[in-house]
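This report concerns only the one structure given below.
The values are calculated or read from the model by the stated rules, or taken from the named source; none is laboratory data. Predicted, not measured: the structure shown is a model, and the values here were computed from it. Every residue, glycine as well, gets a Cβ built from its backbone with ideal geometry; the counts of neighbours run over all protein chains shown. All accessible areas refer to the heavy atoms of the entire protein, side chains included, with ligands and DNA or RNA removed. Shrake-Rupley method; radii C 1.70, N 1.55, O 1.52, S 1.80 Å.
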Amino acid sequence: MIKSMTGYGIGSQENGKVKYNVEIKSLNSKFLELSLRLPKAVSDKELTLRSECSKLIERGKVNINISVEYTDQTAKASSINTELLKKYFSQLQAIATELGQEQTDLLKLALSMPEVISNNDDSIDETEGQVLLGAFYQAVDNFNTFRSDEGDVLSEDLKTRVQLIADYLIQAEALETSRIPLIRERIAHYMDEAVGKENVDMNRFEQELIYYIDKLDITEEKVRLRAHCNYFLKALSATDSNGKKLGFISQEMGREINTLGSKANHAEIQQIVIRMKEELEKIKEQLLNVL
């Protein structure tokens, strides 16, 4: 069965200390266009997430937004390297005393020295990483469920339109029995007007007529178009169905419909061909959104 490239899914996981929320949205695109927004603390997981997206999401213009909430606010608080701070402060005091300078802002200056303050948001541990991935996979599951549901709707619409083309083909076949006699009558009338009936070599006329009618024969086009319609419906229900494959089949359907119209030489059949083309264009538009 097919899936839509349009999708939406959210996931949320927590472990008592931290909670991760993941939101995934997608629109149709020929390739995977991934936009990933995540907190600085989980930036080291970006490559893993991108790799999983290429396998689980495949195609589409995808936006993923990851946010984090800390239940214990102290978990994300900055920590101070006390021993390093003392060392910096004592050194600054010694220098200030030696130079005879005031010592009022030495603590502030010591706090600004390298590696005195470390932010716990700079990285996460393995446990927190598992919480993040759990939220991500949950969002992907909901996202793919949404895609599958949308795909079911698309599938029914595509089936209906392909069946309409097949029904139009039956209507064209019903008109075909009167097509050849009309062509024969019309050509005979032109010959009578041009050279007169008594001057026509009937044997030669029949030979030329057979050659001309053979050029207008649409049997092959009907057989191939019906086969393409059946193959489309079969591919639509297959487990490995995808938009690109269905797109290729629709192109072949279009070729047969165009040839059918150019060879029909019959006003009512050509009107039916126009209706076939209308349905085929709608099919192609829908396939743009099929994964």
Residue by residue, what Karplus-based ³J(HN,Hα) values in Hz, rounded to whole numbers, does the stretch 235-245 have, using 6.51, -1.76 and 1.60 with θ = phi - 60° and x for Gly and Pro? 5, 5, 8, 6, 5, 9, 4, 8, x, 5, 4
Two pseudo-spin positions, 7 Å from Cα along C-beta at SER148 and at SER43, lie apart in nanometres by 3.7 nm
Tally the DSSP beta bridges in the chain and give the antiparallel ones as a percent, rounded to 5. 80 percent
How large is the helix-only mean residue ellipticity at 222 nm for the chain, computed as the sum of -39500 (n - 2.57) over DSSP H runs with n ≥ 4, divided by its residue count, in deg cm²/dmol to the nearest 500? -21000 deg cm²/dmol
On a 0 to 90° scale, report how tilted helix 82-99 is relative to the longest principal axis of the chain, with both axes built from alpha carbons and the result rounded to the nearest 10. 60 degrees
Please compute the net charge surrounding LEU182, taking Lys and Arg as +1 and Asp and Glu as -1 over other residues with Cβ under 13 Å from its Cβ. 0
Pairs of alpha-carbon atoms within less than 8 angstrom and 6+ residues apart define the contacts here; what relative contact order does the chain have, in percent? 27 percent
In percent, what relative contact order does the stretch 1-46 have, based on Cα pairs under 8 Å that are 6 or more apart in sequence? 32 percent
Projecting each Cα onto the charge dipole of the chain (Lys/Arg +1, Asp/Glu -1 at the beta carbon, about the Cα centre), which of LEU106, GLN270, LEU246 comes out farthest on the positive side? GLN270
Sorted by chain and number, the residues with a modelled amide H under 5 Å from that of LEU32, at a separation of 5 or more or across chains, are GLY60
Structure shown: which of LYS159/LYS215; LYS30/LYS234; LYS215/LYS244 lie over 30 Å apart, alpha-carbon to alpha-carbon? LYS159/LYS215; LYS215/LYS244
³J(HN,Hα), Karplus 6.51/-1.76/1.60, whole Hz, each residue of the stretch 38-45, x for Gly, Pro: 8, x, 4, 5, 10, 4, 6, 8
Just to confirm a number: summing +1 for Lys and Arg and -1 for Asp and Glu over residues other than ASP157 whose beta-carbon lies under 12 angstrom from that of ASP157, what do you get? -2
Taking the chain as the reference, fit the longest principal axis to its C-alpha atoms, fit the long axis of helix 126-176 to the helix C-alpha atoms, and give the angle between the two in degrees, 0 to 90, nearest 10. 10 degrees
Could you give me the ³J(HN,Hα) list for the stretch 4-20, computed from phi with Karplus coefficients 6.51, -1.76, 1.60 and θ = phi - 60°, whole Hz, x at Gly and Pro? 7, 7, 6, x, 8, x, 10, x, 8, 9, 8, 10, x, 9, 9, 10, 10
About its Cα centre, what dipole magnitude does the chain give when the only charges are +1 on Lys and Arg Cβ and -1 on Asp and Glu Cβ, stated in debye to the nearest 20? 140 debye
Rounded to the nearest whole Å², what accessible area per residue is found for the stretch 17-66 with the 1.4 Å probe? 55 Å²
Relative to the longest principal Cα axis of the chain, at what angle does helix 46-56 sit, 0 to 90 degrees, rounded to 10? 20 degrees
Determine the sum of side-chain charges near THR48: Lys and Arg each +1, Asp and Glu each -1, restricted to other residues whose C-beta is under 13 angstrom from that of THR48. -1
